[in-house]
Amino acid sequence: MTAKTLMIQGTGSGVGKSILTAAICRYFYKSGLKVAPFKAQNMALNSFVTENGAEMGRAQAFQAEACGIKPDVLMNPILLKPSGDNNSQVILMGEPGESRNAKNYYSLHEKHKEVVLSALQKLREQYDLVIIEGAGSPAEINLKKWDLVNMFIAEKSGTPVLLIGDIDRGGVFAWMKGTYDLLTSSEKNHVKGFIINKFRGDIELLKPGIKQFEEWVQKPVLGVVPYCKNLVVDEEDSIPQRSYPAEPGVEGVLDVAVIWTPRISNFTDLSPLAYDPSISVRYINHSSQLGNPDLIIFPGSKNTIDDLIYLKEQGMIEKVMKCHGEGSLIMGICGGFQMLGNIIRDPDNLESRNKESTGLGLFDLETTFESEKLTRQVELKTVKSRVFSEGLKCQGYEIHMGRTRFNSTYPTLFSGENSENPMNFGIINENGTVLGTYLHGFLDENSFRQELLCYIRVQRKIRNPLHLFNFTRFKQHELDKLCDLLTESVNMKEVSKIIKI
């Protein structure tokens, strides 16, 4: 049996397609259906690695979680990871390829059409319902002949479309009407309704506009979703908020400064810290903002050398080293881990036009970029160290082209298989003040994360909070909140009729 489908398209980028797709996935999952998400082509620096080592967009991994299933690369067959101006690395069915500019990428359009349609068909053979997310806007007429992700998918799969507009940006009726008017007659037939997102105010003042809009397009507005500032979701490419303050009056507050760079990637690694009520997380991009944090984090990067050069130009490295000398702990993740070493080399210009840059020199290591990307999930256990007790479970995944050579030996944090060097998984310096790892997603595990935070608090002479944050429970609660928000604001009975389920 071939699954039913529903597609969520938008009037532009950032209108809430990823969030509403996750909400609809959650709704039908809780209704008892076997549901999967799908997005033909993503452009994002937040990515995930599946159990078989395939790389895919983080948003679809989050949507899979909303469906109660494991992420599968079929859910996102093409991922574009921007690596520089007008260049993106092409991830095809989870396998990394070379970086291409737009012209070179579009030359493979016919091949890519076959790939995405095949992936969607395979998903439809495994599930009752597939919720498909579009990208940008279906009315980008200059790019329409290369469409892989909007009306091309809707027409080839016979999928009904809901069009999302963001009222918080203003002009939502013009935006929805203009988008609809630029569609062909055939494409308009796929549009079955509209949803207005991010509304705040008196709904009665909006109703006359909705009535007139429906008369013009002869299609219903199926719901008005209220603006919800505190809702937590993993989106594909949203820039993180500048700050995530701790809750007022909470005990044991840690001040965490995350070093922002132009090509920051996989910042969802830090979500377990950002949403912990006892941690204040600040993303900073200038040395004047650093202050005196308890912990400084260098996150992942898609162009590590250029981001490192950027930080030097901002005077950030000098200020970080000063804070470290005054007691701030430092942690580097993936590209951020590489920055903590002596030097980073890119001899074949795989990421950067610059062939090398010196690092902070906090670890005696050297990193060289190679053409083969390492992508895999790992399951580890902590070894007894000044940070951890022995045997704590930790899961994560690797995504990196850099290969690191350690010139000195450091205490490792984990034991596990499938690594050229266990120091790749995680190390700490002899003083216990600098940590580094190639792992993404390693902070999700509650017991592991709490021991790490306890260690940092001890070093900074801060008491532990009375109530420890459970990130796993928190994520499930947020997904259910998202589902409730959808149920209260969108006519889901009518949406079910549109899908014919």
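Okay, residues lined up against (1) crowded, with 17+ Cβ neighbours inside 10 Å; (2) not polar (S, T, N, Q):
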residue	(1), (2)
ARG26	yes, yes
ARG58	yes, yes
SER99	yes, no
TYR105	yes, yes
GLU125	no, yes
Open item on the list: Give me the strands (runs of 3 or more DSSP E) completely within segment 1-66, filtered to those with at least 1 residues that are outside the structural domain of PHE442 (by TED's automatic domain parsing) and of a type in the set (Phe, Trp, Tyr), ordered by residue number.
Closed with: 35-38, 47-49
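Is it fair to say TYR410 is aromatic (Phe, Trp, Tyr), closer than 28 Å to GLY359 by Cβ and out of contact with any strand residue (DSSP E or B) (no Cβ under 8 Å at 6 or more places or on another chain)? Before the answer, list the steps.
On the way: aromatic (Phe, Trp, Tyr): yes; closer than 28 Å to GLY359 by Cβ: yes; out of contact with any strand residue (DSSP E or B) (no Cβ under 8 Å at 6 or more places or on another chain): no.
In short, no.
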Open item on the list: Here are the criteria: (1) over 27 Å from LYS500 (Cα atoms); (2) surrounded by 14 or more Cβ atoms within 10 Å (Cβ to Cβ); (3) modelled with pLDDT of 95 or more. Tell me which single one GLY193 does not satisfy.
Closed with: (1)
- [ ] Tell me, please, whether a residue that is surrounded by 18 or more Cβ atoms within 10 Å (Cβ to Cβ), within 28 Å of TYR180 (Cα to Cα) and in the same structural domain as GLY53 (by TED's automatic domain parsing) can be found in segment 79-91.
- [x] yes
Open item on the list: So in segment 297-316, with the set limited to residues that are surrounded by fewer than 22 Cβ atoms within 10 Å (Cβ to Cβ) and of a type in the set (D, E, K, R), which one is nearest to SER357 (Cα to Cα)?
Closed with: ASP306
TODO: Kindly provide the set of residues from segment 379-398 that are surrounded by fewer than 21 Cβ atoms within 10 Å (Cβ to Cβ) and part of a strand (DSSP E or B), ordered by number.
DONE: GLU379, LYS381, LYS393, GLN395
Open item on the list: Among the listed residues SER107, SER186, identify the single one that is among the polar types (S, T, N, Q), more than 27 Å from the chain's Cα centre (by Cα) and at pLDDT 95 or above.
Closed with: SER186
Open item on the list: Checking TRP175 against (1) over 19 Å from LYS497 (Cβ atoms); (2) surrounded by fewer than 21 Cβ atoms within 10 Å (Cβ to Cβ); (3) at pLDDT 95 or above, only one condition comes out false. Which one?
Closed with: (2)
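Can you tell me which residue within segment 196-210, out of those that are within 28 Å of ILE132 (Cα to Cα) and not in a strand (DSSP E or B), is modelled with the lowest pLDDT?
Of segment 196-210, the ones within 28 Å of ILE132 (Cα to Cα) are 196-200, 210.
Restricting the remaining residues to those that are not in a strand (DSSP E or B) gives 200, 210.
Working: ARG200: 92, ILE210: 97.
If we take residues in segment 196-210 being within 28 Å of ILE132 (Cα to Cα) and not in a strand (DSSP E or B), then ARG200 is modelled with the lowest pLDDT.
If we only count strands (runs of 3 or more DSSP E) wholly inside segment 218-321, which ones have 2 or more residues that are within 28 Å of LEU466 (Cβ to Cβ) and at pLDDT 90 or above? Quick ask: steps written out before the conclusion?
Working: elements: 221-226, 254-259, 279-284, 295-298.
Output list reads 254-259, 279-284, 295-298.
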Open item on the list: Can you say whether MET331 is modelled with pLDDT of 90 or more and within 23 Å of the chain's Cα centre (by Cα), as far as the supplied structure shows?
Closed with: yes
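The values are calculated or read from the model by the stated rules, or taken from the named source; none is laboratory data. Keep in mind that what you see is a predicted model, and the values were worked out from it rather than measured. As a convention, Cβ positions derive from the backbone with ideal geometry for all residues, glycine included, and neighbour counts pool all protein chains shown.
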